[in-house]
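Here is the structure we will look at, set down as structure tokens.
The values are calculated or read from the model by the stated rules, or taken from the named source; none is laboratory data. Not measured: the values here are computed from a predicted model. Reconstructed Cβ throughout: ideal geometry from the backbone, glycine too, with neighbour counts over all protein chains shown.
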Amino acid sequence: MSESNSVDISSLHQIVLRETENDSILEIDPNFYRNLANFIGNLRKQEFDGVENKIKNDMIEMATKLTTLLMKIRLDKISKASDLEISHLLDEEKFILDSQEDQKEREDMILSAMVHGKSKFLESLAQNHKTKKVVIRFLNEVDEIIGADLEKYGPFKTEDIATIPYENAQALIAKNIATKVHWED
């Protein structure tokens with residue numbers, strides 16, 4: 001990472017300040033979020049005792065709050081912009097926008113099916129969603145269950161990873177029996 005691309009508390013604060021003072025999305029280094037993640041990650045890895053550890057933890061908290069604020073401000077600007085400068089968006093922000101576009105398409109599809117009387121399509125969609133597979137990690141032991149797809153799953157031990165239907169996964173997650181696994185590359 002070159003010196004010009006490094007992030008510290010001061011540069012993060014300056015970027016947040018500039019972003020809040022401007023109505024449009026500012027152009028920032030395309031690797032900014034990754035550099036920021038490296039900065040915070042490196043801070044977290046450092047081990048100190050006493051006062052130095054307190055300072056490190058306060059810096060992490062400050063960086064986390066500034067990061068959250070920056071992303072919130074930029075996403076808010078993106079959602080309200082009528083003449084969005086796409087080239088100023090970072091790849092991570094484009095990733096978020098992409099999911100919002102998918103949501104809009106799904107809303108339009110459901111609305112269209114409802115107003116055109118396509119109940120069979122809605123029924124099929126609902127069933128497919130209930131039975132789509134989700135990867136979860138078990139926090140407790142669970143006996144065999146019958147999935148929304150009428151297949152048998154389990155039994156499961158604590159820390160087991162399994163792929164089960166969405167509807168069943170959501171029920172287990174809601175009861176704090178399991179947690180969704182988020183795959184990272």
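What single numbered condition from (1) exposed (fewer than 15 other Cβ atoms within 10 Å of the Cβ); (2) assigned to a helix (DSSP H, G or I); (3) at pLDDT 95 or above fails to hold for residue 112?
With (1) exposed (fewer than 15 other Cβ atoms within 10 Å of the Cβ); (2) assigned to a helix (DSSP H, G or I); (3) at pLDDT 95 or above applied to residue 112, the lone miss is (3).
Being among the charged types (D, E, K, R) and under 19 Å from the mean Cα position of the chain (by Cα) is the filter; apply it to region 147-185 and report the residue that is surrounded by the fewest Cβ atoms within 10 Å (Cβ to Cβ).
Going through region 147-185, the residues among the charged types (D, E, K, R) turn out to be 149, 151-152, 157, 159-160, 167, 175, 180, 184-185.
From what is left, the residues that are under 19 Å from the mean Cα position of the chain (by Cα) are 180, 184-185.
On the way: 180: 12, 184: 4, 185: 2.
Only one residue fits best here, namely 185.
So which residues in region 115-124 are of a type in the set (Lys, Arg) and loosely packed, with under 12 Cβ neighbours inside 10 Å, if there are any at all?
Start the filter on region 115-124 by keeping residues that are of a type in the set (Lys, Arg), which leaves 118, 120.
The answer is 120, and nothing else.
Given the conditions (1) of a type outside the set (Phe, Trp, Tyr); (2) surrounded by 15 or more Cβ atoms within 10 Å (Cβ to Cβ); (3) in a loop (DSSP other than H, G, I, E, B), and given that residue 23 satisfies all but one, which numbered condition is not satisfied?
(2)
Which is on the phi < 0 side of the Ramachandran plot, out of contact with any Leu (no Cβ under 7 Å at 6 or more places or on another chain), assigned by TED's automatic domain parsing to the domain that holds residue 20 and not in a helix (DSSP H, G or I), of 39, 48? Let's see the steps before the verdict.
On the way: 39 fails: not in a helix (DSSP H, G or I).
The unique qualifying residue is 48.
Residues checked against (1) at pLDDT 95 or above; (2) over 12 Å from residue 63 (Cβ atoms):
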position	(1), (2)
1	no, yes
4	no, yes
7	no, no
13	yes, no
22	no, yes
25	no, yes
30	no, yes
43	no, no
48	no, yes
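Just give me the residues in region 5-20 being outside any loop (DSSP other than H, G, I, E, B) and closer than 13 Å to residue 66 by Cα, in sequence order. Talk me through it step by step, then tell me what you get.
Start the filter on region 5-20 by keeping residues that are outside any loop (DSSP other than H, G, I, E, B), which leaves 5, 9-20.
Within region 5-20, 9, 10, 11, 12, 13, 14, 15, 16, 17, 18, 19, 20 meet the criteria.
Identify, please: which residue in region 1-58 is free of Cβ contacts under 8 Å to residues at least 24 places away in the same chain and under 23 Å from the mean Cα position of the chain (by Cα) and is, among those, farthest from residue 73 (Cα to Cα)? Reasoning before the result, please.
Narrowing region 1-58 to residues free of Cβ contacts under 8 Å to residues at least 24 places away in the same chain: 2-4, 10-11, 14, 17-18, 21-22, 34, 37, 41-58.
Those left that are additionally under 23 Å from the mean Cα position of the chain (by Cα): 34, 37, 41-45.
On the way: 34: 18, 37: 18, 41: 23, 42: 25, 43: 24, 44: 25, 45: 28 Å.
Here the residue is 45.
Please find, among 72, 77, 65, the residue that is assigned to a helix (DSSP H, G or I), out of contact with any Phe, Trp or Tyr (no Cβ under 9 Å at 6 or more places or on another chain) and at pLDDT below 95. Steps first, answer last, please.
Values: 72 fails: at pLDDT below 95; 65 fails: at pLDDT below 95.
That would be 77, the only listed residue that is assigned to a helix (DSSP H, G or I), out of contact with any Phe, Trp or Tyr (no Cβ under 9 Å at 6 or more places or on another chain) and at pLDDT below 95.
In region 87-109, which residue that is without any contact (Cβ under 8 Å) to a residue 24 or more places away in the chain and surrounded by 11 or more Cβ atoms within 10 Å (Cβ to Cβ) is nearest to residue 165 (Cα to Cα)?
106
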